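These notes concern the structure reproduced below.
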Amino acid sequence: TSFSAGIYGCDWSIGGSTCPYTFSKNKPLSYETLLFNMKNILVLCTGNSCRSQMAHGYISHLGKDLNVNVYSAGIETHGVNPRAIACMAEDGIDISHHTSNMIDEYSAISFDYVLTVCDHAKEHCPYFPTQAQRFHQNFPDPSKTIGTEEEIMAHFREVRSMIKEYCQQFVENTLIKV
């Protein structure tokens with residue numbers, strides 16, 4: 001019997017075969033490992049507009065073959081910032097389909113990891129019952145930048161680079177542990 005795992009681009013034979021993709025130390029992952037090790041990740045920020053959306057985009061992209069569900073939310077909603085969408089598109093990541101969500105919309109999801117990407121969200125997050133491993137890194141808010149459009153976009157790109165590096169390290173050091 002075969003199971004087609006389209007999102008992984010490979011076919012599985014149930015009963016111990018392995019996916020041809022390798023993620024760590026050249027060890028292939030079994031279908032059972034991927035199926036039963038689904039990780040839910042929440043990226044949390046103040047308004048779920050820029051920083052959390054960028055991190056959501058990068059973790060989804062970098063973890064696309066790692067069996068993760070990535071969510072982002074805020075303690076408020078400000079809508080997805082059009083400059084964040086444009087800035088991420090410059091790096092080949094499409095977040096135009098993302099929505100700005102409140103944290104309480106995800107109260108029924110059991111998260112494995114919660115990443116806060118601003119001090120305000122970390123300090124003001126309402127009680128959120130979870131056994132998740134928590135990570136925190138404060139990033140500047142590019143939506144607060146004042147200046148010309150070129151100066152504002154330059155700051156968005158700078159913050160995007162910081163977030164990308166952080167997400168790469170998170171995926172490599174936390175998610176790829178097979």
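I need the full set of residues from the stretch 98-121 which are in a loop (DSSP other than H, G, I, E, B), within 16 Å of the chain's Cα centre (by Cα) and more than 20 Å from TYR166 (Cβ to Cβ), in order please. The answer is THR99, SER100, ASN101, ILE109, SER110. Entry remark, the stretch 69-84: residues being in contact (Cβ under 8 Å) with a residue 12 or more places away in the chain, assigned to a helix (DSSP H, G or I) and open to solvent by 40 Å² or more (accessible area, probe 1.4 Å) number 1 in total.
Of the residues making up the stretch 112-139, those that are open to solvent by 60 Å² or more (accessible area, probe 1.4 Å), modelled with pLDDT of 80 or more and under 16 Å from THR77 (Cα atoms) number 0.
Checking every residue in the stretch 88-105 against the condition of being within 16 Å of VAL117 (Cβ to Cβ) and buried (at least 24 other Cβ atoms within 10 Å of the Cβ) gives at least one match.
Put simply, of ASP112, ASP119 the only residue that is of a type outside the set (A, V, I, L, M) and over 18 Å from PRO140 (Cα atoms) is ASP112. Might you let me know whether the stretch 126-135 holds any residue that is aliphatic (A, V, I, L, M), touching a residue at least 24 places away in the same chain (Cβ under 8 Å) and farther than 25 Å from ILE85 by Cβ? Yes - at least one qualifying residue is present in the stretch 126-135. Specify which of the listed residues (SER72, SER49, SER60, SER96) is in contact with a Cys (Cβ under 8 Å, 6 or more places away or on another chain) and of a type outside the set (A, V, I, L, M, F, W, C). Checking each option against the conditions leaves just SER72.
The values are calculated or read from the model by the stated rules, or taken from the named source; none is laboratory data. Computed from a predicted structure; not experimentally measured. Cβ atoms come from the backbone with ideal geometry, glycine included; neighbour counts cover every protein chain shown. Ligands, DNA and RNA are stripped out before the accessible areas are found, and what is left, the full protein with its side chains, is counted by its heavy atoms. Shrake-Rupley method; radii C 1.70, N 1.55, O 1.52, S 1.80 Å.
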